[in-house]
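Worksheet for the structure shown next.
Just so you know, all these numbers are worked out from the coordinates, no wet-lab data involved. Everything quoted here is computed from the prediction, not taken from an experiment. In this analysis, Cβ positions are derived from the backbone assuming ideal geometry, glycine residues included, and neighbour counts consider all displayed protein chains.
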Amino acid sequence: MRRARLAWMAAGMFCLAAPAFAVDDPSEMLPDARQEQRAEAIGAQLRCLVCQNESIEDSSADLARDLRHVVREHVAKGESDQQIIDWMTRRYGEFIRLKPRLSAATVMLWGMPALALIAGLAIAGAVLLRRPKAVPPLSEEERRRLAELSPSTGND
């Protein structure tokens, strides 16, 4: 009975303490709510270089936390969203953008699978069109020679 009571008390204390672990680090937040909202919007457009498919706002990696601080510093300086994203892109490359800009490289990256499919279908079509459609029937001469060459099946 005593163990059950201790277990329930421990579970209750854990449940009461759990929300404290879910709170963001207050040192990451800007004092102005509008600036904080801008920083979060910018961070949502930037890729965590460790997690790769998460934004720096969603990631819990140390590098993502550092990048969030950098974004907030730039927002506090009064830079525009585009200036901050351009700065991050110059510093870390196009990969840091979750949605990369349309360029010749990205068009090729996304277009090559379609071009490969079209080329494969063209090659398959050419091969199918070049092969003979039907075997011509044997002439009388060919049938006679075939009969001479093949052993008789009924006479042993």
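What is the calculated FRET efficiency for Leu98 to Leu121, with r their C-beta to C-beta distance and R₀ = 41 Å, to the nearest 0.05?
Calculated transfer efficiency: 0.80.
Based on the alpha-carbon gyration tensor of the range 71-156 and its eigenvalue square roots a ≥ b ≥ c, which shape applies: rounded if a/c is under 1.5, prolate if not and a/b is larger than b/c, or oblate?
prolate
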Could you compute the net charge surrounding Ser139? Neighbours are other residues with a C-beta less than 15 Å from the C-beta of Ser139; K and R count +1, D and E count -1.
-1
Name the shape class, rounded, prolate or oblate, that the alpha-carbon gyration tensor gives for the range 45-84, where a ≥ b ≥ c are the square roots of its eigenvalues, rounded holds for a/c under 1.5, and otherwise prolate holds if a/b is larger than b/c and oblate otherwise.
prolate
If one computes P(r) from the Cα atoms of the chain, what percent of pairs lie at distances over 28 Å?
60 percent
